[in-house]
Structures are given as structure tokens and as C-alpha cells.
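The values are calculated or read from the model by the stated rules, or taken from the named source; none is laboratory data. Since we're looking at a predicted model, the values are computed, not measured. All Cβ positions, even for glycine, are placed from backbone atoms using ideal geometry, and neighbour counts span all protein chains on display. Only protein heavy atoms, including side chains, enter the accessible area calculation; ligands, DNA and RNA are left aside. Shrake-Rupley method; radii C 1.70, N 1.55, O 1.52, S 1.80 Å.
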Amino acid sequence: SPSEPSSTRSSRIAWLVYVLVLLVVFVPRMRSYTVTVAHAERPLLDYVASMPKDVLIAGDPEVMSNIPLFARRSVFLSSEISYVGEERVRDFFAAYYAERAEDVYGFCQEYGVDYLVVNQDHFTEEYLAEEAFFYSPYNEYIVDYVAGRTDFFLAGIPMDEVEFAGARLFIWECLSQD
């Protein structure tokens, strides 16, 4: 019928006007998001980017969050992917704050983690006293786990055994330590 093209045309014009109104209203309100990297982390990210593409890296979830974006490598856990499961999160922190080497090696073997990124500040009395390791509910577990401990395996890694050493961060190859 002759009215169909007119109604089709009208609905298309109405749809176009609707889209244009949405663009005019919402586009100016959209914010541009910029991801910044701490100056101290830049050398670490550059080093990680030079590593084989199939490595799996574990470390502080905040630092790990930048690795997939800036170094294009896989991470075990980051602040963005903590939904990997409660057991994995707890296992990571149990290894990170382990007193015995066997516990760290066991974690790396079990999960196929090739390298650990270690923040030396995480083992200081001041940092431990803050009790701000990760967000809830995991933070409570970590607080209980490290309570009363002062000896941590990763805090004692000799610098001549690390792959990379930055201002406060170092990378340690954990799977080759059989």
C-alpha cells in the first residue's frame, strides 16, 4: 500500500532523531579514562613485556593489574580478576607470605606460575601493621595468616637470584627452583 513507505520512512526518521538526541545528551557527559602507571613500575612492565608470551606471573594484585594491559602477559590474579575463586586468592597470599620455600614452590607447581613479582615493602613491619593487604573478605584471611609472623621466604630471596630488580619490586623465577 502507498502508506507503508511513508510509515517506514517516518519510523526511520524517528529512530534517527532518537539516536541523535542520545548522542547530543550523553556523549558530552562521557569521561575519558586514562590509566596511569607509577613511575617505579615502568621498568618492571618493560621487563615483563620482554619475557616469553606464555609465562604466567603472580604478585601483588594492584601491580598485576597493569601487566596484561601494558606488558601483554598473563597474570594469576589482579585487582580486576579476583573473581578467580576464593581458594586461588587464599593460595596466592599463603604462598606470598609463606615462611617455607616448599610452600612457595608448591604453589608455583600447582598453578603453573612461572614468576613471582615481589614488593619488598610488603614484608616490612610498617606495612604488615597497616593490615591493608587486599579487599574484603580476603583481607581478613591475610591479616589472620600473617599475624605474629616475621620470617617470610620471599623477603629473603638473595638479589643475585632474581630476574629483575627495580626500586622496590623484583621478579623471581619460581618454577626453575626444583
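Things to note:
- In the stretch 44-74, the qualifying residues are those that are within 19 Å of C108 (Cα to Cα) and acidic (D, E), and the one that is farthest from the chain's Cα centre (by Cα) is D54.
- Selection from the stretch 122-178 of residues that are within 16 Å of F93 (Cβ to Cβ) and among the aliphatic types (A, V, I, L, M): L128, A132, I142, V143, V146, A147, L154, A155
- Single residue of the stretch 41-74 satisfying the filter (in a loop (DSSP other than H, G, I, E, B) and among the polar types (S, T, N, Q)) that is most open to solvent (accessible area, probe 1.4 Å): S50
- Scanning the stretch 75-104 for residues that are among the charged types (D, E, K, R) and assigned to a helix (DSSP H, G or I), we see that the one that is farthest from the chain's Cα centre (by Cα) is E102.
- Any hit, the stretch 94-110, residues being among the β-branched types (V, I, T) and free of Cβ contacts under 8 Å to residues at least 24 places away in the same chain: no
- Some residue of the stretch 77-86 being open to solvent by less than 20 Å² (accessible area, probe 1.4 Å) and touching a Leu at 6+ places or on another chain (Cβ under 8 Å): no
- Some residue of the stretch 153-168 being at pLDDT below 95, outside any loop (DSSP other than H, G, I, E, B) and in contact with a Gly (Cβ under 9 Å, 6 or more places away or on another chain): no
- The set of residues in the stretch 87-114 being open to solvent by less than 10 Å² (accessible area, probe 1.4 Å) and basic (K, R) is empty.
- Residue match in the stretch 122-144 (condition: hydrophobic (A, V, I, L, M, F, W, C), surrounded by 12 or more Cβ atoms within 10 Å (Cβ to Cβ) and within 15 Å of the chain's Cα centre (by Cα)): yes
- Among (1) in a helix (DSSP H, G or I); (2) within 18 Å of V162 (Cα to Cα) - the single one L116 does not satisfy: (1)
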